[in-house]
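See structure below.
The values are calculated or read from the model by the stated rules, or taken from the named source; none is laboratory data. Bear in mind that the values here come from a model prediction, so they are computed numbers and not experimental data. No Cβ is skipped: glycine too gets one built from the backbone with ideal geometry, and neighbour counts run over all protein chains shown. Side chains included, ligands, DNA and RNA excluded: accessible areas come from the protein's heavy atoms. Shrake-Rupley method; radii C 1.70, N 1.55, O 1.52, S 1.80 Å.
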Amino acid sequence: MTVTRESPRVSVNKLGQYLTATPSLRKRIIQGQKHPVDPQYLRYPAAAQAIIEFLCEGRDEVILRYHQRRLLNAQPESDYDAHRLALCAEALQRCLVSAGDLATRAIASPVDADLPPLALAGVDISVRPDVLLRSVDAQGLMRSGLLKLYFSKHTPLDERSGQYIATVLQRYAEERLEQRGPVDPRLVGVFDVFAGRLFQAPKAQQRRMNDVRLACEEIAARWDVH
């Protein structure tokens, strides 16, 4: 089951793919964002929730292993459900292997689920960060950042797409986290779970944000076509 969005909207993860995609893939991304699947058919919410709990509750690998066993032992309601459970369990296994890459002294906490999107060039970018990170710098000042999880077994992020997503996260953090302390780029990033790679916000962002703006203009212009 799908729904149709009347106004241009794109998830930040798909926007990262769009910025490095072929013309045919860009067309499919717009179609997929305009006609998204019903949320009940999303594959990775259970894995995402387990990783968020792991990060926010002391980064104890026991948490990931517990949820992995729970998913593997769950009784699927359909073939699709069985496939979803297996993918989530595999995602947690990949996270266990690369958990060290997420090691940080920052305090992690869940992000408010109803944060508004980032409006840019006629498009609402659904950022939906997964974890708020806060840390005290050498001068004793509180710094903040955001972490986004990326799930795709067969379409890993490359350096360019990962940095585009991290750049948008940085802009979003600067707009939404002012009251929580200045944003530290070292606390802003997207973690590709299956690839086990963390892409942090780059220092040079103006050119990338210009690319993001142009991509949003293109998506808005093509929205009614697709």
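Couple of notes before you dig in:
- Prolate/oblate/rounded label for region 10-56 (Cα gyration tensor, a/c 1.5): oblate
- Evaluated at q = 0.13, 0.23 Å⁻¹, a Debye calculation over the C-alpha positions of region 83-148 (equal weights, vacuum) places log10 I(q)/I(0) at -0.58, -1.03.
- Here is the tail figure for region 102-226: Cα pairs spaced more than 23 Å apart come to 33 percent of all pairs.
- In the chain, lysine pairs closer than 16 Å at Cα, eight or more apart or cross-chain: 4
- Electrostatic tally near PHE54: other residues with Cβ closer than 15 Å to its Cβ, Lys and Arg +1, Asp and Glu -1, net -1.
- Of the whole protein surface, ARG213 contributes about 100 Å² of accessible area at a 1.4 Å probe radius.
- For region 141-155 versus region 75-104, the inter-centroid distance based on Cα atoms is 17 Å.
- Of ALA82, ALA99, ALA215, the one that fluctuates the most in a GNM where the chain has Cα springs shorter than 10 Å: ALA82
- Radius 14 Å from Cβ of ALA99, net charge of other residues (Lys, Arg +1; Asp, Glu -1): -2
- An oblate overall shape is assigned to region 1-133, the ratio a/c of its alpha-carbon gyration tensor axes (a ≥ b ≥ c) being 1.5 or greater and a/b not exceeding b/c.
- The longest part of the chain holding none of the exposed loop GluC sites (Glu not before Pro), meaning those outside H, G, I, E and B in DSSP with at most 15 other Cβ atoms within 10 Å, is 78-226.
- Diffusion of the chain by Stokes-Einstein, at 20 °C in a medium of 1.002 mPa s and with Rh set to the Kirkwood radius over alpha-carbon pairs, works out to 117 µm²/s.
- Judged by the mean number of other Cβ atoms found within 10 Å, the most tightly packed of the peptides 13-20, 128-135 leads the ranking 13-20, 128-135.
- Surface share of carbon and sulfur [accessible, 1.4 angstrom probe, percent] for the chain: 49
- Taking the chain as a Gaussian network of alpha-carbon nodes connected by springs under 10 Å, the highest mean-square fluctuation of the residues VAL62, VAL183, VAL123 belongs to VAL62.
- Shape of region 40-102 from the C-alpha gyration tensor: prolate (a/c of 1.5 or more and a/b above b/c, with a ≥ b ≥ c the square roots of its eigenvalues).
- Near the amide H of LEU149, within less than 5 Å, lie the amide hydrogens of ASP130, PHE191, all on another chain or at least 5 residues away, with H placed in the peptide plane.
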